[in-house]
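Notes for the one structure printed next.
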Amino acid sequence: MPSNAILDACTFCQLSCPNCAVGKGEYGDFGKGYLTFENFVKFVEMNPFIKRIELVNRGEIFLNPELGEIIEFAHEKNVLLTAWKGVNFNDVSDNIIESLVANRFTLISVNLDGTTQESYEKYRKGGDFSTLLSNLKKLWICKKAYSSDRPILKLSYTLFEHNCSKEEIRRAKKIAQELDATIDFSPDNIFMHIPQDSQMIYEETGILYKENLEYQDTFTRKANPPCLDLWKFPVVNYNGRLMGCYCNGAGLSDFNVFELGLKKCLESEPVRRMKKMLMGDGVYEDVPCALCWDYRQ
């Protein structure tokens with residue numbers, strides 16, 4: 001059994017980012033809802049082999065009204081919690097910020113994507129940059145008050161056409177430095193923008209852009225390794241449904257992890273067929289992977 005799992009704490013979001021299914025209101029099989037504290041307790045107690053849980057999959061975890069109880073219980077049970085897949089951190093209460101620190105939440109990745117309201121909201125539509133910065137500073141102050149290095153803070157910055165100037169990049173690095181955070185710059189693989197001053201980008205961020213087709217081949221999903229989620233990070237929807245993977249919108253409706261336990265679901269015949277198919281041993285049209293765009297590519 002894996003020691004990690006992705007347990008979707010909340011599938012909805014308050015922002016409307018372009019190219020995001022949730023932002024466009026397209027929920028698919030994931031549905032719209034949040035993980036309850038009761039079901040989180042069931043999951044932890046039924047699956048003691050799970051030592052680390054990623055709470056982010058589709059939406060913004062801080063919109064979950066029972067998140068505080070979830071964080072406290074995980075700490076009591078020595079289960080590590082992470083949000084490394086990204087949060088917008090626009091709506092988070094002071095109590096939750098303190099709980100993150102007091103209960104040693106392991107890691108949070110916050111989507112920065114700009115250093116002014118104008119550049120930030122170009123992609124993070126509906127977001128407020130000053131509120132984001134204020135919440136980040138509150139987290140930094142709370143960590144100092146507790147003399148804690150947790151949660152580890154990482155800022156994620158996608159280099160779009162509107163936010164990749166030298167001034168913006170340097171301001172982003174300064175923000176990270178002031179917050180004792182790391183910052184991870186990444187190329188724009190959404191709109192496939194290639195900056196004019198690629199040499200400056202390389203000097204400031206270490207990202208080396210290539211031209212057109214080479215760039216696309218390097219940064220599109222086709223260059224990614226085969227899916228390993230079923231082996232390493234099985235994905236469980238907020239309602240207990242076992243999903244194909246983090247990006248596959250199809251799930252196994254007959255297998256509810258909160259009722260059967262993760263082990264029984266992962267050892268089921270449909271999951272065995274999915275694993276065989278991902279390893280190249282046949283094609284099974286009755287499993288979620290058969291519907292996946294990435295797999296078909």
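Can you name the number of the only condition in (1) of a type outside the set (Ser, Thr, Tyr); (2) open to solvent by 40 Å² or more (accessible area, probe 1.4 Å); (3) in contact with an Asp or Glu (Cβ under 8 Å, 6 or more places away or on another chain); (4) closer than 23 Å to GLU204 by Cα that PHE160 fails?
(2)
I need the full set of residues from the stretch 88-135 which are more than 20 Å from ILE53 (Cβ to Cβ), among the charged types (D, E, K, R) and touching a helix residue (DSSP H, G or I) at 6+ places or on another chain (Cβ under 9 Å), in order please.
ASP91, ASP94, GLU98, ASP113, GLU118, GLU121, ARG124, ASP128
Within the stretch 183-199, take every residue that is under 23 Å from the mean Cα position of the chain (by Cα) and farther than 11 Å from TYR157 by Cα and give me the one that is surrounded by the most Cβ atoms within 10 Å (Cβ to Cβ). Working first, answer last.
Here is the first cut: in the stretch 183-199, the ones under 23 Å from the mean Cα position of the chain (by Cα) are 183-193.
Add one more test, that the residue is farther than 11 Å from TYR157 by Cα, and what stays is 189-193.
Numbers: ASN189: 15, ILE190: 13, PHE191: 11, MET192: 12, HIS193: 17.
Here the residue is HIS193.
Can you pull out every residue in the stretch 37-58 that is in a loop (DSSP other than H, G, I, E, B) and either open to solvent by 10 Å² or more (accessible area, probe 1.4 Å) or touching a Leu at 6+ places or on another chain (Cβ under 9 Å) (or both)?
Of all residues in the stretch 37-58, those in a loop (DSSP other than H, G, I, E, B) come to 47-51, 55-58.
Hits for the stretch 37-58 are ASN47, PRO48, PHE49, ILE50, LYS51, LEU55, ASN57, ARG58.
Could you check the stretch 60-99 and list, in sequence order, the residues that are more than 21 Å from SER130 (Cα to Cα), small (Gly, Ala, Ser) and outside any helix (DSSP H, G or I)? Quick ask: steps written out before the conclusion?
Step one: of the stretch 60-99, the residues more than 21 Å from SER130 (Cα to Cα) are 64-85, 99.
Adding the requirement that they be small (Gly, Ala, Ser) leaves 68, 74, 83, 99.
Within the stretch 60-99, just ALA83 meets the criteria.
Looking only at the stretch 100-134, which residues are open to solvent by less than 20 Å² (accessible area, probe 1.4 Å) and not in a helix (DSSP H, G or I)?
Passing the criteria: PHE105, ILE108, SER109, VAL110, LEU112, ASP113, GLY114, THR115, GLY127.
Within the group LYS138, LYS173, which residue is in contact with a helix residue (DSSP H, G or I) (Cβ under 7 Å, 6 or more places away or on another chain), in a helix (DSSP H, G or I) and either more than 24 Å from PRO187 (Cβ to Cβ) or at pLDDT 95 or above (or both)? Lay out the reasoning, then the answer.
On the way: LYS173 fails: in contact with a helix residue (DSSP H, G or I) (Cβ under 7 Å, 6 or more places away or on another chain).
From the options LYS138, LYS173, the qualifying one is LYS138.
Out of curiosity, is LYS85 without any contact (Cβ under 8 Å) to a residue 60 or more places away in the chain and under 25 Å from SER253 (Cβ atoms)? Don't jump to the end; show me each part of the working.
Working: without any contact (Cβ under 8 Å) to a residue 60 or more places away in the chain: no; under 25 Å from SER253 (Cβ atoms): yes.
No, not satisfied.
Among the candidates LYS263, LYS276, which residue alone is closer than 27 Å to LYS42 by Cα and surrounded by fewer than 18 Cβ atoms within 10 Å (Cβ to Cβ)? Before the answer, list the steps.
Numbers: LYS276 fails: closer than 27 Å to LYS42 by Cα.
Result of the check over LYS263, LYS276: LYS263.
Which of the residues that make up the stretch 30-83 are in contact with a helix residue (DSSP H, G or I) (Cβ under 7 Å, 6 or more places away or on another chain) and charged (D, E, K, R)?
LYS42, ARG58, GLU66, GLU69, GLU72, LYS77
Just need a number here: residues in the stretch 61-82 that are touching a strand residue (DSSP E or B) at 6+ places or on another chain (Cβ under 6 Å), open to solvent by less than 20 Å² (accessible area, probe 1.4 Å) and within 16 Å of GLN14 (Cβ to Cβ).
Selection size over the stretch 61-82: 2.
Those residues that are out of contact with any Cys (no Cβ under 7 Å at 6 or more places or on another chain), at pLDDT 85 or above, at negative phi and not in a helix (DSSP H, G or I), I need them from the stretch 244-287; list them, please.
Result: ASN256, GLU267, SER268, MET279, ASP281.
Name the one entry in GLY33, GLY68, GLY28, GLY23 that is touching a Gly at 6+ places or on another chain (Cβ under 9 Å) and over 25 Å from TYR157 (Cβ atoms).
Details: GLY33 fails: touching a Gly at 6+ places or on another chain (Cβ under 9 Å); GLY68 fails: touching a Gly at 6+ places or on another chain (Cβ under 9 Å); GLY23 fails: over 25 Å from TYR157 (Cβ atoms).
When all the criteria are applied, what remains is GLY28.
The values are calculated or read from the model by the stated rules, or taken from the named source; none is laboratory data. In this text, all values refer to a predicted model and were calculated from it rather than measured experimentally. Using ideal geometry, Cβ is built from the backbone for each residue, glycine included, and neighbour counts are taken over all protein chains shown. To get the accessible areas, we keep the full protein, side chains included, count just its heavy atoms, and leave off ligands, DNA and RNA. Shrake-Rupley method; radii C 1.70, N 1.55, O 1.52, S 1.80 Å.
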